[in-house]
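Scroll down for the structure; my scribbles are underneath it.
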Amino acid sequence: CSKAAGRDQFSFFAKQMNIRSERRIHLAQKLRQAIEEQRFEVYYQPKWCIRRNKIVGMEALIRWFDAHEGAIPPDEFIPLAEDQGLIGLVDQWVIKKACQDILQVRQQFGEHIQLSVNFSPAHFIRRDLYKRIAEILSETGFPGTSLELEITETFMATENESLLEQLNQIRDLGVEISIDDFGIAYSSLSRLKRLPLNTLKIDRSFIRDIGSDQDDEVIVKTIIDMAHNLNLKVVAEGVETAEQLAFVRQYNCDQVQGFLFSPPIPLQQLIQLMEQQESPVKA
Ligand code: C2E
Ligand code: MG
Ligand code: MG
Ligand code: MG
């Protein structure tokens, strides 16, 4: 009887895996088509400077709305694009579009506005990566010094021979480097010190439990201090409540990003928001 049960369970899992891989194959086909037809959008989430209480930049986040599937989340299709070797095309499109959009925003609201884009580790396979970035900058006329690449800590923490050299080449273009989702991959301090970084973004999971988990509060405080001691800017992502904002402000976090201020929104909405230029929370 237990053998039969085991068999049932096995066929249950096999079936689940089949459904999953069928969906992946289906999505991979759709993804190729979407890339060809450029059927993506870029949304922007403002970054707020705590001290100045105003928007100082925005993060570009890709959106894919499919007629049949509805919104397909980036957490699902970005890893797929990486597996399929399509991420270069996707990110290139996003960076170019975002540079064009934010150039317009900077004309209207000032040259202090910075653009952050997410940058897949898969790009580092290309030795001439910085050339591609330089090309996009010169094609769009966007200043390298106002562009920041967000790269996840998980990747930064892995030993990679050419990483340091490639980051330095990117930095030579004036482009800044930010570590995304910081705090979950155990980067060593000495490694952090060696990499040419500008910014740490505290992972959302630590911000979420401010007020309910003392360990996470200690981690947030520690990351802020550490970042400042290493001369890095620090951003809290996923700030949803006034309490979380008060906490990170108390410990001198530089910038915040999160639903409390604004979710990621289309360009036109971003411009409207900036015209009001009012923080939902009074200083
Ligand atoms: P990420 O770079 O860490 O982006 C932050 C994610 O948190 C975004 O999800 C954003 O919508 C969400 N978020 C922002 N504020 C809040 C908040 O207050 N509460 C909560 N619960 N969530 C918040 P999204 O847009 O679904 O993106 C997920 C991930 O997909 C990103 O994480 C990034 O790693 C990746 N991604 C998105 N766009 C791109 C892209 O153009 N290229 C690459 N390579 N990756 C991208
Ligand atoms: Mg990011
Ligand atoms: Mg993040
Ligand atoms: Mg993330």
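The values are calculated or read from the model by the stated rules, or taken from the named source; none is laboratory data. Note that the structure is a prediction, hence the values are computed from the model and not measured. Heads up: the accessible areas ignore ligands, DNA and RNA and are worked out on the full protein's heavy atoms, side chains in. Shrake-Rupley method; radii C 1.70, N 1.55, O 1.52, S 1.80 Å.
Here the alpha carbons of the chain define both size measures, Rg and Dmax, at 20.5, 73 Å. Surface composition of the chain: carbon plus sulfur atoms hold 50% of the accessible area, using a 1.4 angstrom probe and ignoring ligands, DNA and RNA. Between 0 and 90 degrees, the angle of helix 2-36 with respect to the longest Cα principal axis of the chain falls at about 50 degrees.
If you wrap the range 1-111 in the convex hull of its Cα atoms and look at it from every side, the mean projected area works out to 11.1 nm².
Derived scalar couplings between HN and Hα for the range 157-174 equal 7, 7, 5, 8, 3, 8, 4, 4, 4, 5, 4, 5, 5, 5, 4, 5, 7, x Hz in order, rounded to whole Hz, by the Karplus curve 6.51 cos²θ - 1.76 cosθ + 1.60 (θ = phi - 60°), x for Gly and Pro. Under 1.5 on a/c is rounded, so check that first for the range 125-211, then, if it is not, pick prolate when a/b is larger than b/c and oblate when it is not; a ≥ b ≥ c are the square roots of the alpha carbon gyration tensor eigenvalues. In terms of gyration-tensor shape, oblate. Here the range 163-203 has an Rg and Dmax of 10.5, 29 Å, counting Cα atoms alone.
Each part reduced to its alpha carbon centroid, the range 33-111 and the range 221-273 end up 19 Å apart. Normalised by 2.2 N^0.38 Å, where N is the number of residues, the alpha-carbon radius of gyration of the range 179-283 equals 1.13. Within the same chain, lysines fewer than 8 places from K96 are excluded, and of the rest, those with a Cα less than 28 Å from its Cα are K30, K47, K54, K131, K201, K233.
Determine the percent antiparallel among the DSSP beta bridges restricted to the range 18-177, to the nearest 5.
Counting DSSP beta bridges with both partners in the range 18-177, the antiparallel share is about 55 percent.
Percent antiparallel among DSSP beta bridges with both residues in the chain, to the nearest 5?
Antiparallel: roughly 40 percent of the beta bridges in the chain.
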